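The structure appears right after this line, and notes come after that.
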Amino acid sequence: MEVTKAICVLKGPGSVAGTISLKAGEGGHTTTVTGEISGLTPGKHGFQVHTFGDISKGCGSTGPHYNPCNETHGAPQDKKRHVGDLGNIDADENGTARIEMEDRLLRLAGKYSIIGRAMVVNEKEDDLGKGGNKESLESGNLGAGVAWGIIGIDEDPK
């Protein structure tokens, strides 16, 4: 079965919650990411795919950013970055972030599929690997997770 759509329901220990939809582009060379997350503090929050789809201990059991090519942390548009680096989402004054992006590295099928992995929203802005320290090159200095969920196959025919 060729996976072309996925969904991730995000929830944290507080009031942060949302749903992210992922759809493979023509030929599977890009993935469109759309959705809405509410309950955030206004401003920017790091947003990424983590290696493990294990949320048994919250964000702490999801492992590092998904990085099958062993790159340093970066921005979505950077040539070198983790596959899971999706940059920042921006919450408005009501704490709601609306997401609409297209990513060139995320895959819903094949060797580097993100199905079964976790998606995480963080408390702080991701410095996109430009913070000048080791932590920046690994995670972007983005603080603790505030919401997370497992990326699953979406069989909705719409």
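The values are calculated or read from the model by the stated rules, or taken from the named source; none is laboratory data. Remember, it's a predicted structure, so these values are computed and weren't measured experimentally. Glycine gets a Cβ as well: all are built from the backbone with ideal geometry, and neighbour counts include every protein chain shown. Please note that ligands, DNA and RNA were not included when accessible areas were found on the heavy atoms of the full protein model with its side chains. Shrake-Rupley method; radii C 1.70, N 1.55, O 1.52, S 1.80 Å.
Of note:
- Entry for the range 1-48 at q = 0.32 Å⁻¹: log10 I(q)/I(0) = -1.24, Debye formula applied to identical alpha-carbon scatterers, no solvent contribution.
- Working value for the range 49-130: equivalent-ellipsoid semi-axes of 20, 17, 13 Å, each the square root of 5 times a Cα gyration tensor eigenvalue, largest first.
- Legend: calculated FRET efficiency, THR96 to THR30, from the Cβ-Cβ distance at R0 = 30 Å, rounded to 0.05, equals 0.75.
- Remark: relative contact order (the chain) = 31 percent; criterion is Cα-Cα distance under 8 angstrom and separation of 6 or more residues.
- Residue-averaged 222 nm ellipticity for the chain, from DSSP H runs of 4+ at -39500 (n - 2.57), nearest 500: -500 deg cm²/dmol
- Legend: calculated FRET efficiency, ALA75 to GLU2, from the Cβ-Cβ distance at R0 = 35 Å, rounded to 0.05, equals 0.75.
- Residues whose amide H lies under 5 Å from that of GLY25, counting only those 5 or more places away or on a different chain, are THR30, THR31, THR32; hydrogens are built 1.01 Å from N in the peptide plane.
- Each residue, ILE153 and SER113, gets one label point 7 Å from its Cα in the Cβ direction; the gap between the two is 0.7 nm.
- Computed from the C-alpha gyration tensor, the three semi-axes of the ellipsoid equivalent to the chain are 22, 19, 15 Å, from longest to shortest.
- Within the straight-line cut-off of under 26 Å between alpha carbons, the lysines reachable from LYS23 are LYS5, LYS11, LYS44, LYS79, LYS80, LYS111, LYS158, sequence neighbours fewer than 8 places apart in one chain being disregarded.
- Projecting the Cα atoms of CYS69, ILE114, GLY27 onto the charge dipole of the chain, computed from C-beta unit charges around the Cα centre, puts CYS69 farthest toward the positive end.
- Among GLU100, GLU26, GLU123, the residue with the largest mean-square fluctuation in a Gaussian network model of the chain, with springs joining Cα atoms closer than 10 Å, is GLU26.
- Sulfur and carbon atoms: percent of accessible area, the chain [1.4 Å]: 52
- Value of relative contact order over the range 61-152, rounded to a whole percent, pairs C-alpha under 8 Å and six or more apart: 26
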